[in-house]
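The block underneath contains the structure these notes are about, expressed in structure tokens.
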Amino acid sequence: MILNEISFRVRYAETDQMGVVYHGNYAQYLEMGRVEWLRNLGFSYKSMEESGVMLPVISLQLQFKKSAVYDDLITVETRLKKIPSVKIEFDFIIYNENKEILVEAHTVLVFMDMKTKRPIKCPDYLLRKIEI
């Protein structure tokens, strides 16, 4: 399935007193991966929302393997798990510059109509890009 990678340095503010990335920040890293995955296809979350579609997270699973620390260069690998329907699923691997796996993760999001707050099927414009 479609794969995208982004890399960035851990900021000091993202770490805790022990000098490691606070576990809650990984959800933001996954969001960064999803946003850039979508942008790589030629879309943005903003444009989807402007067209009346939102994508709330309904499931988030993280498996911590090793800690990231301040100034580490980390990469978020985002992979679409399967062709979406009403839900879209992503698998992630976050690793450091030594290619050591830090986190393995999985998220499930649901396509929703912003007005009715009801689930809808994946927009055709996105499906066409994914199936190419």
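Summing +1 for each Lys or Arg and -1 for each Asp or Glu, what net charge is found among the other residues whose Cβ lies under 15 Å from the Cβ of K99? Don't jump to the answer; show the numbers that get you there.
Working: positive: K65, K66; negative: E5, D72, E77, E97, E100, E104.
Surrounding charge for K99 is -4.
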* **Near-label residues of region 100-119 by backbone N, under 19 Å of a point 7 Å along Cα→Cβ of L3** => 100-107
* Structure fact -> Taking Lys and Arg as +1 and Asp and Glu as -1, residues besides E14 with C-beta under 12 Å from its C-beta add up to -1
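What does the helix-only formula give at 222 nm for the chain: each DSSP H stretch with n ≥ 4 adding -39500 (n - 2.57), the total divided by the residues, and the result rounded to the nearest 500 deg cm²/dmol? Mind showing how you got there, number by number?
Working: 3 runs with 29 residues, N = 132.
Mean residue ellipticity at 222 nm (helix-derived): -6500 deg cm²/dmol.
Taking 4 °C and 1.567 mPa s as the conditions, I'd like the Stokes-Einstein D for region 1-71 in µm²/s, using the Kirkwood hydrodynamic radius from alpha carbon pairs. List each step's numbers first, then the result.
Working: Rh = 14.1 Å.
Stokes-Einstein gives a translational diffusion coefficient of 92 µm²/s.
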* Which of T116, I94, V76, positive extreme of dipole for region 57-116 (C-beta unit charges) -> T116
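When the dipole is taken about the Cα centre of region 3-130, and only Lys, Arg (+1) and Asp, Glu (-1) are charged at their Cβ, what size is it in debye, to the nearest 20?
Charge dipole of region 3-130: 620 debye, to the nearest 20.
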* Asked: Where the Cα atoms of the chain are projected onto their three principal axes, how long is each span, largest first, in whole Å?
  -> 44, 30, 22
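Read the figures in this text as sums done on the coordinates, not as results from a lab. Computed from a prediction, not measured in an experiment: that's the story for all the values here. All Cβ positions, even for glycine, are placed from backbone atoms using ideal geometry, and neighbour counts span all protein chains on display.
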